[in-house]
Each structure stands twice: as C-alpha cells, then as structure tokens.
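The values are calculated or read from the model by the stated rules, or taken from the named source; none is laboratory data. These numbers come from a predicted model, not from an experiment. Using ideal geometry, Cβ is built from the backbone for each residue, glycine included, and neighbour counts are taken over all protein chains shown.
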C-alpha cells in the first residue's frame, strides 16, 4: 500500500503548485506523521521536494525543477492506472478505485487518450478470491499469521503460515509463505485455500527467500512426450506451448514433442483432447489412457441400467 500512496503523493505534487500535509493526510486517509515519513522517502529517492513552514507554507516540488514535472508522461500515467485497475479487479475494497480517482483528479490534460490496456486478474473467481487477497494483504502488512484449509493432490490439511508475498503467475494467484508445519517456505495456490483467517498471533519477519518461478524450476520435465494431434487442435497447442512445439506430419496431423513433469498431470491434460490426440510416448501414458477409456466405455455403455 505504501508504494501506491507514494505514487499518489508524487502525482499530486506534479499536478499542483503546492499542497499541505493535512490535505495529503485527508486525501490518502492516513496520519500527518505518515505523510511526513512519505515525503522523507520521496526526498531520499531523489525527488526535489521543498517544505515551507508558517502561513502560506506547504509542500511542493522545488522551483528549479519545474521542467522535471514531465518525468511522468501521459503514457507513464496510463501504465500506472492500468496497473491499479488490474489490482482493483481482485480488490475486496474501494482502495484502488479511490486511488485512481485521486490520481486522475485535475489531470485531464496530463492523462490524454483512451485506455488501451485492460487487465482483469480475477477471472471467474472474484467473489471468493477478493476476500482472501484482502485478508492476506492485511496479514502481510501487520505481520500476523494466517490459517487456512488447503486442498492438495496429496490430501487436505490445515496450515498455519507466515505470509510474505502475494504472487500472480501462471494465470493464478499464489501465496509465498513460511509454513509452520513444514518448517520451510511454500507456494500455496489461492484457489485451493478455504477458510482463510488472520490469527491474533504476530510473527517476526524472517529473512525471506524469494520463490524461483522459472519454468525449469516449476516444470522440471524429465518425461519425453510424443503425441499426434488432429489439425484442428493447432490453436490450443500454440496457446499453451507456442508455435514451435509441433511439426506437421504427412497425414496432416501435428506431431507434438515436449518434456513433461509427471505422468498423472500428462494423462489428465491429454484426456481433455478426447479422440483428438494419440499418444506415442511414453508408453505408460498410452496404456493408462487406454485403461481409462475402457473404464469410461463400460460406465457409459448404452445397455447399462440406471
């Protein structure tokens, strides 16, 4: 939240000749002491801010740097607003929308053109996602433990963690936290978390190891895959793996080759293609799909009595 507020304060100073700490405190709904600390932070970052005491005093960017007011261009501001708008899509409060209103106030000349980037980070899970994000953000800022029930392939469990980062990656939201049960850092998928609650217990922030989000770390591979897909599945292969993941065979089908992480996930993915995919390698995946297909045929046979 502090970074958002600093951007907002800087925007106000770029747009107005002068303002005051009480005005900023009221506008951003924080104390004057917090505003004073924010001004010190901006000064340390190299922003030439001048504070004048007494009647007619206030806070302003120094006169000698008038030309530097264009440090944020119209395009810069559009990108800032696009980022805030994307966070607002998963916000459980009006914080980001209010911040956008504050930045846009009196800046019609500074912000030109129409929006060209629209980002919605919530997908279809906004109703359940927004409260989780709000609770986790609050816990991160106040350094409080959170507890939740977690659904994983290995089973269900109740976890208590020290929350450090909210991460949007691979089209999903994750929490990077120190798990008190596993005594190690873990990445938790928010859609698998239910009954998320902030505990009354606070924690001392430990030295945080940032998660390795590279494809090589998350999807280490090791299983060589060869599959023939029907030509009408080209769009999906391009969307999920890129245009270099296949070659066209003589019969018009697409020969897909890749490394995969584990057989279970591979079989689950391939089953979503139905009869549009024929597995060549690995033989374990081919046999498992054949077994599942036989079982499904028995389940859905026409003469089965319900």
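Against the condition in contact with a helix residue (DSSP H, G or I) (Cβ under 8 Å, 6 or more places away or on another chain), more than 23 Å from residue 138 (Cβ to Cβ), outside the structural domain of residue 135 (by TED's automatic domain parsing) and modelled with pLDDT of 85 or more, how does residue 60 come out, does it pass? Step through it out loud before you land on a result.
Working: in contact with a helix residue (DSSP H, G or I) (Cβ under 8 Å, 6 or more places away or on another chain): yes; more than 23 Å from residue 138 (Cβ to Cβ): yes; outside the structural domain of residue 135 (by TED's automatic domain parsing): yes; modelled with pLDDT of 85 or more: yes.
Spelling it out, residue 60 is indeed in contact with a helix residue (DSSP H, G or I) (Cβ under 8 Å, 6 or more places away or on another chain), more than 23 Å from residue 138 (Cβ to Cβ), outside the structural domain of residue 135 (by TED's automatic domain parsing) and modelled with pLDDT of 85 or more.
From the list 305, 204, the lone residue that is at pLDDT below 85 and exposed (fewer than 12 other Cβ atoms within 10 Å of the Cβ) is 305.
Scanning the range 176-186 for residues that are surrounded by 16 or more Cβ atoms within 10 Å (Cβ to Cβ) and either under 13 Å from the mean Cα position of the chain (by Cα) or on the phi > 0 side of the Ramachandran plot (or both) returns a single hit, 176. Count of the range 149-165 residues, restricted to those that are more than 17 Å from residue 203 (Cα to Cα) and in contact with a strand residue (DSSP E or B) (Cβ under 6 Å, 6 or more places away or on another chain), is 4. Restricting attention to the range 25-46, and to residues there that are touching a residue at least 12 places away in the same chain (Cβ under 8 Å) and touching a strand residue (DSSP E or B) at 6+ places or on another chain (Cβ under 7 Å), which single residue is nearest to residue 166 (Cα to Cα)? Applying the filter and picking the extreme gives 42. For the range 6-21, the set of residues classified as touching a residue at least 40 places away in the same chain (Cβ under 8 Å) and under 24 Å from residue 137 (Cβ atoms) consists of 7, 8, 10, 11, 12, listed by residue number.
Among the residues of the range 221-228, are any buried (at least 17 other Cβ atoms within 10 Å of the Cβ), closer than 20 Å to residue 261 by Cβ and without any contact (Cβ under 8 Å) to a residue 24 or more places away in the chain? No, the range 221-228 contains no residue that is buried (at least 17 other Cβ atoms within 10 Å of the Cβ), closer than 20 Å to residue 261 by Cβ and without any contact (Cβ under 8 Å) to a residue 24 or more places away in the chain. Only one of the numbered conditions (1) assigned to a loop (DSSP other than H, G, I, E, B); (2) in contact (Cβ under 8 Å) with a residue 24 or more places away in the chain is not met by residue 252, and that is (2). When restricted to residues that are buried (at least 16 other Cβ atoms within 10 Å of the Cβ) and within 29 Å of the chain's Cα centre (by Cα), the range 42-58 contains 1. Considering the range 255-281, the residues that are part of a helix (DSSP H, G or I) and touching a helix residue (DSSP H, G or I) at 6+ places or on another chain (Cβ under 8 Å) include one that is modelled with the lowest pLDDT, namely 263.
Mind checking whether some residue in the range 235-246 is assigned to a loop (DSSP other than H, G, I, E, B), within 26 Å of residue 152 (Cα to Cα) and either touching a strand residue (DSSP E or B) at 6+ places or on another chain (Cβ under 9 Å) or in contact (Cβ under 8 Å) with a residue 12 or more places away in the chain (or both)? No, that holds for no residue.
Is the range 149-160 home to any residue that is within 21 Å of residue 2 (Cα to Cα), out of contact with any helix residue (DSSP H, G or I) (no Cβ under 7 Å at 6 or more places or on another chain) and modelled with pLDDT of 95 or more? No; the residues of the range 149-160 include none that is within 21 Å of residue 2 (Cα to Cα), out of contact with any helix residue (DSSP H, G or I) (no Cβ under 7 Å at 6 or more places or on another chain) and modelled with pLDDT of 95 or more.
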